[in-house]
1. Hey, can you tell me all the residues within region 155-178 that are more than 20 Å from the chain's Cα centre (by Cα), over 30 Å from Ser143 (Cα atoms) and not small (Gly, Ala, Ser)?
2. Restricting to region 1-11, what's the tally of residues that are without any contact (Cβ under 8 Å) to a residue 24 or more places away in the chain and open to solvent by 70 Å² or more (accessible area, probe 1.4 Å)?
3. Just to be sure I understand the filter: pairs with C-beta atoms under 7 Å, separated by 6 or more residues or on different chains, first member in region 176-194 and at positive phi and touching a residue at least 12 places away in the same chain (Cβ under 8 Å), second member of a type outside the set (S, T, N, Q) and part of a loop (DSSP other than H, G, I, E, B). Which pairs pass?
4. Please indicate, with yes or no, whether at least one residue in region 197-204 is in contact with a helix residue (DSSP H, G or I) (Cβ under 6 Å, 6 or more places away or on another chain), open to solvent by less than 30 Å² (accessible area, probe 1.4 Å) and hydroxyl-bearing (Ser, Thr, Tyr).
5. Criterion first (under 30 Å from Ile13 (Cα atoms), hydroxyl-bearing (Ser, Thr, Tyr) and open to solvent by 10 Å² or more (accessible area, probe 1.4 Å)) does Ser236 satisfy it?
6. Anything in region 154-196 that is among the hydrophobic types (A, V, I, L, M, F, W, C), touching a Phe, Trp or Tyr at 6+ places or on another chain (Cβ under 6 Å) and surrounded by fewer than 24 Cβ atoms within 10 Å (Cβ to Cβ)? List them, or say none.
7. Counting just the residues of region 112-141 that are open to solvent by 60 Å² or more (accessible area, probe 1.4 Å) and in a loop (DSSP other than H, G, I, E, B), which one comes out farthest from Thr76 (Cα to Cα)?
8. May I ask you to list the residues in region 237-256 that are among the hydroxyl-bearing types (Ser, Thr, Tyr) and either out of contact with any Phe, Trp or Tyr (no Cβ under 9 Å at 6 or more places or on another chain) or within 22 Å of Ile161 (Cα to Cα) (or both)?
Amino acid sequence: MTVTLDRNVEAFIGSPRQLFINGQWVNAASGKTFETPNPATGETLARVAEGDAEDINRAVRAARAAFDSGPWSRMTPSERGRIVWKIGDLILEHVDELAQLESLDNGKPFLVAQAADVPLAADLFHYMAGWATKIEGNTIDISVPYMPGANFHSYTLREPIGVVGQIIPWNFPLLMAAWKLGPALTTGCTVVLKPAEQTPLTALRLAELIAEAGVPDGVVNVVPGFGETAGAALASNDDVDKVAFTGSTEVGKLIVQAAAGNLKKLTLELGGKSPNIVFDDAESSAVEGAANAIFFNHGQCCVAGSRLFVHESRYDEVVDGVAEIAKSIKLGSGLDPATQMGPLVSDEQFRRVTGFLESGRADGATALAGGGRFGDRGYFVEPTVLTNTRPDMKVVREEIFGPVVVAESFSSLDEIAAQANDTTYGLGAGIWTRDISKAHALAKKIRAGTIWINCYNVFDASLPFGGYKQSGWGREMGHEVLNNYTEVKAVTTLL
């Protein structure tokens, strides 16, 4: 039995989807379209207009005009906040519809998208709406040594940065759009959003809701397309003041190069190879926690706990327990209510993950669970636990972005701190222990942007999120994200 498709979903995927530029639905300048497949079957789900450099340029011109001449940045903070709040309300009014689109396009279980992805997206807009009236400057009592006796009045203004290019990934398509759009709109910026070519549908549906909420024409533009054309054009456009990118570290480095032309501001939320550490005194719930850390969202999560470190006295118990959970996970279509894990997002990602599995076997790793393809249709990979790994193996060093965990043992706190930090990444980490002092001591030693203690994959709109080292620049969410989309201006007058 599968979920019955909402009529709006059937209509949405039943006709070609266009680009959203300057408040209008338009074809790509080239007239080209591309297929977005259903990853559960590999069959075409919908056809979408394929934006390229000319479409990006049109969208940037619209965003520039909306920022320089349009009403958005001149609205009162309260007016902007009410509109941003309305976007969150509209998302909640269409939970099932958006969750079905997300499941069809991305592969994740409908029930997961319904319970987590969509409500979290709405919550982000609601949270950010409250910040619209709280973006403030400061007054500063300055002293100027070379002007004795002079009196000044000095203050700072925090202003919107301008036109923002936003490039989002395919693992949480709607949620990542919300993470990017919420703070940009709250601060008064205008946006050109390029969704991942693998999963453009919920971003396009969100554009309809944004227009319905009352966001003026040109403030938000959505241009699906491929990274090497649309994405590259957006990153290099000299009329874009800032680029916010979420994706792989490799592509993030290309974004840095492309943005150098006009030295546009950048925030980058990139890859991870996160350690998940289970001490000898951990509760038994650490087994399920370790499984959730890696198998959540099919392992297609930048903070996935893909390196499992277990104290040598508990190693067999914990690793065997995670393997048993892996074997019990039901794979299937995201629209099947019984499904616990859907397919990977695309054939490209399927080949990437299975390539890592082949590499691990060739290097001597053992699959305690999984290790290969599931079924003969769609992009399904078995939840996999690899043992007998070494720190120099490709499966240990590189981000796989699939349901694959490598397990190793450790003996002491100092040893595990070094092992945890032995990576070019620094996005997340998990610690499981009853000794809270030990947990906080280790949390200070680990160089990562998010540390979870006796839990994993806990996200909230008020918590800053981002990485150390090659996991990125800047922070998403919380009040920290407002720094991404504002400039600070100092004003001084002689009294």
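The values are calculated or read from the model by the stated rules, or taken from the named source; none is laboratory data. The shown structure was predicted, so the numbers you read here are calculated from the model rather than taken from an experiment. Heads up, the Cβs are rebuilt from the backbone with ideal geometry, glycines too, and the neighbour counts pull from every protein chain shown. Side chains included, ligands, DNA and RNA excluded: accessible areas come from the protein's heavy atoms. Shrake-Rupley method; radii C 1.70, N 1.55, O 1.52, S 1.80 Å.
1. Matches in region 155-178: Val163 only.
2. 3
3. Sorted first by the residue in region 176-194, then by its partner, the pairs are Gly188/Trp72.
4. yes
5. No.
6. Listed by number, the list holds a single entry, Ile161.
7. Here the residue is Asp141.
8. If the condition is that a residue be among the hydroxyl-bearing types (Ser, Thr, Tyr) and either out of contact with any Phe, Trp or Tyr (no Cβ under 9 Å at 6 or more places or on another chain) or within 22 Å of Ile161 (Cα to Cα) (or both), then Thr246 is the only one that fits.
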